[in-house]
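Notes follow the structure.
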Amino acid sequence: MLWAGRMRLGTFGILLMLVHASAACEFEPFPYSVTGIVCRMTKPAALLLNQETAQVIQAAFRNAKFPNITGERSMRLLGKVAYGLTNIQVNDLSIEQSEVELKENDAIYIAIKNVTAFFKGTLTYGYAGAWFLQLFHSVDFEIESSIDLQINIKLMCQKDQVAADASDCYLSFHKLILHLQGEKEPGWLKQLFTDFISFTLKLVLKSEVCNEINFLAQVLANFVHDLAANFVQDEDISVDISLASVPLIKANYLESHHKGLVLYKNYSDVFSDSVFSPLLLTESRMLYFWLSEHILNSLASAAFLDKRLMLTIKGEKLQALFEMEDTDAQRKAVQMIFQGASYNDSMAKVWSLAQPQISLQPEGTVVKSLVAVEVSIFPLGEEPLMVLYMEKEIMVTIQAAYAEKKLILHPLDSRIEFKVFKCTADPSGNDPSIRNFLQTMISVVGIPEVISRIEPALTSLMNSKGLHLFEIRNPEIITRKGYVIVQLDFSFPNHLLLDFLEKRL
């Protein structure tokens, strides 16, 4: 029965991935209580996790150890009979049916029906007769049981993360039969241990099962919280996923609200408005994430402060940019800029001069940034020579998608405005041909090249956090004015939880 409880607690642990709360927490006042992230997990996800985690938890706890059971009883003629059940182990286990129900504004109800468990171990007994003749015997035994388990799990909050109260736990025994090895022992012995030890065993099993469920619930809650916290952290940049308010338990979904404040060294992130409404999310998909525009802006600011918004382009990549088309204007511009130097002896540096501004709109994510570009050549035996420097304000609309375990960023329309333009070949700036060529080059291949660098970098970052381990189905990234919604269906990677349990338990 211990295994059955733990199997269904696997479900509970996964459901707690982004549900951190209860009335026991004291939430900070405005503006810190404003929601930046919302997660909604619907009942289909709970049902799926209930099925997926069962086999994993069952395998993890087949070798669980139960406490020894000892006792004694007085019998006529035989005197006191002492007994002990040791080395109790699960020999076989099967589950016929399990159910998960979300009780609105109350608890997560887990019902496991018709759990058939076979325990094995050693029965040692001894008794002193009327003439004080002490006799001790040992015999292997097997216990056949059929049990139902019901758990009501309430959510509590400790130190801004979830704690689970699974003390509301009930076991119902339909059958508990003791089989002695070979059935060769005296009939009175089997009758004694069947009637008396079975009662004691029921009490021990109930206590152990519910204690283990409470323990496992918290272990899994901590495990999943750590997974989520690690996913939104990279070196010095992280997102505070502490609760912003009490979570909702509805009949068809769980919903939790999180602060979503970006943390970076001494950078302080504060915002005072939130456009979230429960009506923005539906119940047709398994998992929903709602993110405020402010979070993306803050992450971009932290990346800028951490000097991550810069790249270098050289060699074949540089050649591909400047030779996007074979025209007289292109050849003239390249000759003037590079002054005959090869692409292998040249390099372009691109970096952001100020914190980018991000705006979420129905057509996509609008990124506005002041960017500098510097092109240098490296004459043999001489110091590097800067041949081109420009600052430009770029505004580009990007649509995002996720497919085949990769992030896909597709740039739509863009706008470029030169702020500073210095070219060695045109110091007066009177020749418009170079600027016109660069304007076209940046729009057609420059921006896509930068985005093509961002795609694998973000994909690699997410995969380093384990996202590729999940089977994500039909994900959608939907942008609206001021927020973005990510909605998806998924399968849970059994080995992830199994590996954790093997290390921790």
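The values are calculated or read from the model by the stated rules, or taken from the named source; none is laboratory data. The model shown is predicted, which means the values in this text are computed figures rather than measured ones. With ideal geometry, Cβ positions are generated from the backbone for all residues, glycine too; neighbour counts draw on all protein chains shown. The protein model used for the area step is the full one, side chains on, heavy atoms only, and it has no ligands, DNA or RNA in it. Shrake-Rupley method; radii C 1.70, N 1.55, O 1.52, S 1.80 Å.
Database remark: amide H of S242 closer than 5 angstrom to the amide H of K259, G260 (H placed geometrically; neighbours at sequence offset of 5 or more, or on other chains; Pro and chain starts carry no H). Restricting the trypsin sites (Lys or Arg not before Pro) of the range 232-302 to loop positions (DSSP other than H, G, I, E, B) with no more than 15 neighbouring Cβ atoms within 10 Å leaves K265. Near D489, the amide H atoms lying under 5 Å from its own belong to M286, R473; only residues 5 or more places off or on other chains count, and H is placed 1.01 Å from N. Based on alpha-carbon atoms, the Kirkwood radius and the radius of gyration of the range 279-427 give Rg/Rh equal to 1.07. Note on K265: lysines with a C-alpha under 27 Å away, same-chain residues under 8 apart excluded, are K159, K307, K349, K368, K465. Looking at the range 267-322, the GluC sites (Glu not before Pro) that sit in a DSSP loop and have at most 14 other Cβ atoms within 10 Å of their own Cβ are E283. Heavy atoms of the protein chains alone define the surface here; on that basis the range 287-418 has 51 Å² accessible area per residue at 1.4 Å probe size. Our estimate of slack between E417 and N114, defined as 0.36 nm per intervening residue step minus the Cα-Cα distance, is 102.0 nm. Applying 1/(1 + (r/R0)^6) with r as the Cβ-Cβ distance of I408 and L385 and R0 = 51 angstrom yields a FRET efficiency of 0.85. Taking the 1.4 Å solvent-accessible surface of the range 255-303 as the whole, the part contributed by carbon and sulfur is 57%. For the range 89-108 versus the range 288-319, the inter-centroid distance based on Cα atoms is 44 Å. Taking the inverse of the mean reciprocal distance over all distinct Cα pairs, the Kirkwood hydrodynamic radius of the range 216-265 comes to 12.3 Å. Karplus-based coupling profile of the range 359-373, in residue order and whole Hz: 10, 9, 9, x, 7, x, 8, 9, 10, 10, 8, 9, 10, 10, 10, with θ = phi - 60° in 6.51 cos²θ - 1.76 cosθ + 1.60 and x standing for Gly or Pro. In terms of packing, defined here as the mean over residues of other Cβ atoms within 10 angstrom, the peptides 462-468, 34-40 line up highest first as 34-40, 462-468.
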